[in-house]
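Visitor: This structure is in structure tokens; I'll ask about it shortly.
The values are calculated or read from the model by the stated rules, or taken from the named source; none is laboratory data. None of the values given here were measured: they were computed from a predicted structure. Here the Cβ positions follow ideal geometry from the backbone for every residue, glycine too, while neighbour counts run over all protein chains shown. Note: accessible area is taken over every heavy atom of the protein model, side chains too, but ligands, DNA and RNA are not part of it. Shrake-Rupley method; radii C 1.70, N 1.55, O 1.52, S 1.80 Å.
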Amino acid sequence: MNKLQAMEVFVQVVDAGGFTRAAENMQLPKATVSTLVQALELALEVKLLHRTTRHVSVTADGAAYYERCLRILSDVREAEESLSRNRANPSGRLRVDVSSGFANDILLPALSDFFDRYPDIRLDLGIGDRPVDLIEEGVDCAIRGGNLPDSALIARRVGVLNFVTCATPGYLDRYGRPTHPHDLASHRCVNYFSTKTGKIFDWDFIRGDEVITIAAPACLAVNDSTAYMTAGMQGLGLMQMSSFMVDQMVAVGKLEIVLPDWSSTPMPVNVVYPQNRHLSAKVRVFVEWVADLFLTHPHLQLPRS
């Protein structure tokens with residue numbers, strides 16, 4: 001038995017909450033994963049996992065061993081990277097999750113630069129606005145907008161989203177132009193709802209010390225940022241959209257900003273990864289690359305201190 005491989009498989013099973021998901025994440029046969037964990041238990045003469053037909057949970061001894069395995073595996077990887085070319089030329093599969101707006105407008109147009117720098121990394125890019133469980137789904141890191149309630153993740157702030165209220169010229173010709181947030185009561189709006197809770201997000205407006213929060217009257221609500229943009233571009237209603245997604249459409253006259261003297265609460269953007277995972281070279285270089293990419297983007301830059 002390869003003890004290090006068995007330890008890594010055991011950690012993956014605990015993180016994923018089961019053998020099937022761990023096998024998928026490691027791209028190994030489920031039987032191999034199960035055999036390695038059984039061999040590890042036999043060698044240690046201790047039960048590491050409780051198994052039922054539907055659930056796998058860690059025993060008390062298993063929990064203690066899991067923490068030791070994390071430290072050992074982290075030390076091994078760091079030692080290997082310090083003596084190999086991986087630090088300068090990271091390689092391997094990197095799983096990243098990102099919203100459709102960030103993917104289509106920011107990451108994908110710039111990825112040729114990333115691959116020029118790191119040609120040995122294979123990037124699996126999960127695209128969508130659904131918040132994934134990084135540990136359970138075996139994702140190395142994610143780019144997320146908004147506040148982060150999950151304390152199991154380490155976050156690096158890389159940018160900030162600013163929002164504008166806008167509509168197509170055709171919509172404004174038909175329904176008129178609002179001059180105050182309260183005018184939205186007589187307008188049609190496109191709303192956005194959480195993929196996790198189903199809650200529709202309110203619209204907020206700030207001007208000086210005045211703050212107004214509105215449950216915008218919606219003709220349509222969606223849960224994907226690209227679909228939200230498409231709905232607004234079809235003239236279905238007013239939308240409150242991140243400035244980086246609408247900037248080009250405003251510049252060519254396909255969208256017009258309304259209520260320009262009112263701003264909206266900025267939203268932080270973070271790259272997040274599990275705190276119990278060693279920050280490998282491939283994750284480290286991707287995080288640094290994203291931070292540099294956002295630093296040079298006019299609509300995503302962090303405010304200077």
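Visitor: Quick one: in the stretch 183-206, of everything that is closer than 18 Å to PHE163 by Cβ and part of a helix (DSSP H, G or I), which residue is least open to solvent (accessible area, probe 1.4 Å)?
Guide: LEU184
Visitor: Continuing with this model, one more query. Select from the stretch 207-220 the residues that are outside any loop (DSSP other than H, G, I, E, B), open to solvent by 40 Å² or more (accessible area, probe 1.4 Å) and at pLDDT 90 or above and list them in ascending order. Let's see the steps before the verdict.
Guide: Narrowing the stretch 207-220 to residues outside any loop (DSSP other than H, G, I, E, B): 207, 210-214, 218-220.
Still in the list and also open to solvent by 40 Å² or more (accessible area, probe 1.4 Å): 207, 210-211, 213, 218-220.
Passing the criteria: ARG207, GLU210, VAL211, THR213, LEU220.
Visitor: Which of the following residues is modelled with pLDDT under 85 and in contact with a Ser or Thr (Cβ under 8 Å, 6 or more places away or on another chain): ASP133, ASP129, ASP120? Walk me through it before giving the result.
Guide: Values: ASP133 fails: in contact with a Ser or Thr (Cβ under 8 Å, 6 or more places away or on another chain); ASP120 fails: modelled with pLDDT under 85.
None of the others qualify; the one that does is ASP129.
Visitor: Six or more apart or on different chains, Cβ atoms under 7 Å: show the pairs whose first residue is in the stretch 6-23 and within 13 Å of GLN38 (Cα to Cα) and open to solvent by 10 Å² or more (accessible area, probe 1.4 Å) and whose second is modelled with pLDDT under 90 and not in a helix (DSSP H, G or I).
Guide: Once the first residue is within 13 Å of GLN38 (Cα to Cα) and open to solvent by 10 Å² or more (accessible area, probe 1.4 Å) and sits in the stretch 6-23, its partners that are modelled with pLDDT under 90 and not in a helix (DSSP H, G or I) give PHE19/VAL56.
Visitor: What single numbered condition from (1) in a helix (DSSP H, G or I); (2) at pLDDT 90 or above; (3) not polar (S, T, N, Q) fails to hold for ARG95?
Guide: (1)
Visitor: Which of the residues belonging to the stretch 240-255 are crowded, with 18+ Cβ neighbours inside 10 Å and more than 13 Å from HIS299 (Cβ to Cβ)?
Guide: GLN240, LEU255
Visitor: Continuing with the same structure: So VAL98 ticks every box in (1) closer than 30 Å to ASN270 by Cα; (2) open to solvent by less than 40 Å² (accessible area, probe 1.4 Å); (3) without any contact (Cβ under 8 Å) to a residue 24 or more places away in the chain but one. Which box is left unticked?
Guide: (3)
Visitor: Tell me which of these LEU70 doesn't satisfy, since it passes every other one: (1) among the hydrophobic types (A, V, I, L, M, F, W, C); (2) open to solvent by less than 30 Å² (accessible area, probe 1.4 Å); (3) farther than 13 Å from ALA6 by Cα.
Guide: Here LEU70 clears every test but (3).
Visitor: Scan the stretch 108-118 and give yes if some residue there is touching a residue at least 40 places away in the same chain (Cβ under 8 Å), farther than 25 Å from PRO298 by Cβ and either assigned to a helix (DSSP H, G or I) or open to solvent by less than 60 Å² (accessible area, probe 1.4 Å) (or both), otherwise no.
Guide: yes
Visitor: Going by the conditions given, is THR226 at negative phi, in a loop (DSSP other than H, G, I, E, B), at pLDDT below 95 and under 26 Å from the mean Cα position of the chain (by Cα)?
Guide: On the way: at negative phi: yes; in a loop (DSSP other than H, G, I, E, B): no; at pLDDT below 95: yes; under 26 Å from the mean Cα position of the chain (by Cα): yes.
Criteria not met by THR226.
Visitor: Just checking, does the stretch 40-52 include any residue being assigned to a strand (DSSP E or B) and either under 31 Å from the mean Cα position of the chain (by Cα) or among the small types (Gly, Ala, Ser) (or both)? Break it down stepwise before answering.
Guide: Taking the stretch 40-52 and keeping what is assigned to a strand (DSSP E or B), we get 49-51.
Then drop every residue that is not either under 31 Å from the mean Cα position of the chain (by Cα) or among the small types (Gly, Ala, Ser) (or both), which leaves 49.
Taking every residue of the stretch 40-52 in turn, at least one turns out to be assigned to a strand (DSSP E or B) and either under 31 Å from the mean Cα position of the chain (by Cα) or among the small types (Gly, Ala, Ser) (or both).
Visitor: OK, next. All but one of (1) touching a strand residue (DSSP E or B) at 6+ places or on another chain (Cβ under 9 Å); (2) among the basic types (Lys, Arg); (3) farther than 19 Å from SER263 by Cα hold for ARG177, so report the exception by its number.
Guide: Single failed check for ARG177: (3).
Visitor: Do you know which of the residues in the stretch 137-170 that are closer than 18 Å to SER194 by Cβ, open to solvent by 30 Å² or more (accessible area, probe 1.4 Å) and not in a strand (DSSP E or B) is modelled with the highest pLDDT?
Guide: Selected residue: ASN147.
Visitor: I would also like to ask the following. All but one of (1) surrounded by 15 or more Cβ atoms within 10 Å (Cβ to Cβ); (2) over 28 Å from the mean Cα position of the chain (by Cα); (3) among the small types (Gly, Ala, Ser) hold for ALA31, so report the exception by its number.
Guide: Result: ALA31 passes all but (1).
Visitor: Check the stretch 261-278 and report whether any residue there is open to solvent by 20 Å² or more (accessible area, probe 1.4 Å), among the β-branched types (Val, Ile, Thr), within 22 Å of THR195 (Cβ to Cβ) and not in a helix (DSSP H, G or I).
Guide: The answer is yes, given that some residue of the stretch 261-278 is open to solvent by 20 Å² or more (accessible area, probe 1.4 Å), among the β-branched types (Val, Ile, Thr), within 22 Å of THR195 (Cβ to Cβ) and not in a helix (DSSP H, G or I).
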